[in-house]
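**Student:** Pasting a structure here, questions to come.
The values are calculated or read from the model by the stated rules, or taken from the named source; none is laboratory data. Source: prediction; values computed, not measured. When we count neighbours, we look across all protein chains shown, and the Cβ atoms used for this are built from the backbone with ideal geometry, even at glycine.
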Amino acid sequence: MDRTLKALSLILSYPSRELQAAMPDIGGVLAADSRLTAAARRELRPLVEELSGGDLYDLEERYVALFDRSRTLSLNLFEHVHGESRDRGTAMVSLLETYRDGGFELSTTELPDHLPVLLEFLATRPAEEAREILADAAHILEALSARLERRESAYGAVFAALLQLAGVEADKEAVAELLEQPDDDPNDLEALDAVWEESEIRFSPDPNAGCPQVRDMLSRMDEPINPAPGVAAE
């Protein structure tokens with residue numbers, strides 16, 4: 001189990017009391033991972049502190065404004081490359097097959113390309129496979145990082161860390177193409193409703209298996225999640 005990918009999956013999940021209670025341990029995992037530069041680990045601290053001690057209502061409101069009300073910050077990765085075309089549905093089916101081949105059945109209401117779900121899956125896969133899949137998404141991760149930095153959001157550090165774990169440089173032309181899309185107005189609720197009406201995609205996952213919600217993810221964090229002093233996370 002790659003505890004850093006699992007920790008980053010949790011950080012990108014919708015804020016909850018359970019997540020807040022686990023943040024000290026999650027922060028310990030991130031601080032101990034030598035794959036991340038000292039600067040990357042330092043830049044993650046403000047978000048860890050926000051999620052640990054912030055008012056839950058404010059955290060929820062900020063999360064929704066960033067990731068639910070802004071299509072250009074969507075955590076559904078295929079939306080950035082396929083939009084709502086038929087190709088997106090084909091890519092979803094392929095990703096579901098990848099999950100199932102790995103013994104991982106989707107049982108969450110999120111779509112298969114939702115980044116926290118993907119990271120939860122990658123945390124269970126061999127390191128090289130996880131790196132390759134992250135590398136495939138590097139241009140999306142960099143574009144999201146840049147957009148979050150523009151908004152001065154601490155969440156940008158998560159995407160910078162994922163790029164380091166991918167171990168590649170994103171294609172500059174692909175990143176520039178994504179960044180050409182104008183930023184959404186998170187307060188334009190009518191436009192948001194129109195997008196949701198156009199883009200609803202449904203799957204029928206096995207409700208009895210697989211990819212957990214945040215509470216279940218937290219319950220399966222390795223014990224102790226916070227490594228002993230001087231011992232790096234695996």
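**Student:** Is it fair to say T108 is at pLDDT below 95 and either hydroxyl-bearing (S, T, Y) or touching an Asp or Glu at 6+ places or on another chain (Cβ under 8 Å) (or both)?
**Tutor:** yes
**Student:** Does any residue in segment 10-26 that is more than 18 Å from L119 (Cα to Cα) and in contact (Cβ under 8 Å) with a residue 40 or more places away in the chain come within less than 8 Å, Cβ to Cβ, of a residue that is of a type outside the set (A, V, I, L, M) and in a helix (DSSP H, G or I) six or more places away or on a different chain, and which pairs are these?
**Tutor:** Cβ pairs passing all conditions: S16/R215; E18/R215; P24/S52.
**Student:** Being among the small types (G, A, S) and modelled with pLDDT of 50 or more is the filter; apply it to segment 170-194 and report the residue that is nearest to the chain's Cα centre (by Cα).
**Tutor:** By that ranking, first place goes to A170.
**Student:** Something else: Would segment 26-48 turn up any residue that is surrounded by fewer than 21 Cβ atoms within 10 Å (Cβ to Cβ), within 14 Å of the chain's Cα centre (by Cα) and more than 22 Å from A166 (Cα to Cα)?
**Tutor:** So far as segment 26-48 goes, no, none of its residues is surrounded by fewer than 21 Cβ atoms within 10 Å (Cβ to Cβ), within 14 Å of the chain's Cα centre (by Cα) and more than 22 Å from A166 (Cα to Cα).
**Student:** Among the residues of segment 49-72 satisfying the criterion of being within 14 Å of R147 (Cα to Cα) and part of a helix (DSSP H, G or I), which is modelled with the lowest pLDDT?
**Tutor:** Residue satisfying both the conditions and the ranking: R71.
**Student:** Next question. Is there any pair linking a residue in segment 76-104 that is more than 24 Å from V64 (Cα to Cα) and surrounded by fewer than 18 Cβ atoms within 10 Å (Cβ to Cβ) to one that is among the β-branched types (V, I, T) and modelled with pLDDT of 80 or more, with Cβ under 8 Å and at least six apart or on different chains, and which?
**Tutor:** Correct list of pairs: G102/T124.
**Student:** Starting from residues that are touching a strand residue (DSSP E or B) at 6+ places or on another chain (Cβ under 9 Å) and in a helix (DSSP H, G or I), keep the ones in segment 105-134 and report whichever is surrounded by the fewest Cβ atoms within 10 Å (Cβ to Cβ).
**Tutor:** Within segment 105-134, the match that is surrounded by the fewest Cβ atoms within 10 Å (Cβ to Cβ) is F121.
**Student:** Here's a follow-up. Can you pull out the residues in segment 160-180 that are hydrophobic (A, V, I, L, M, F, W, C), in a helix (DSSP H, G or I) and surrounded by 15 or more Cβ atoms within 10 Å (Cβ to Cβ)?
**Tutor:** Result: A160, A161, L162, L163, L165, A166, A174, V175, L178, L179.
**Student:** Do you know which of the residues in segment 149-159 that are assigned to a helix (DSSP H, G or I) and modelled with pLDDT under 95 is surrounded by the most Cβ atoms within 10 Å (Cβ to Cβ)?
**Tutor:** Looking at residues that are assigned to a helix (DSSP H, G or I) and modelled with pLDDT under 95, I get E149.
**Student:** Pairs only if they're at least six apart or on different chains, beta carbon under 9 angstrom, first in segment 53-72 and touching a residue at least 12 places away in the same chain (Cβ under 8 Å), second part of a helix (DSSP H, G or I) and β-branched (V, I, T); list them, first residue then second.
**Tutor:** Hits for this filter: R71/V195.
**Student:** Would you pick out the residues in segment 7-45 that are part of a loop (DSSP other than H, G, I, E, B) and closer than 19 Å to G156 by Cα?
**Tutor:** Once the filter is applied, which keeps residues that are part of a loop (DSSP other than H, G, I, E, B) and closer than 19 Å to G156 by Cα, segment 7-45 yields L12, S13, Y14, P15, D33, R35, L36, T37.
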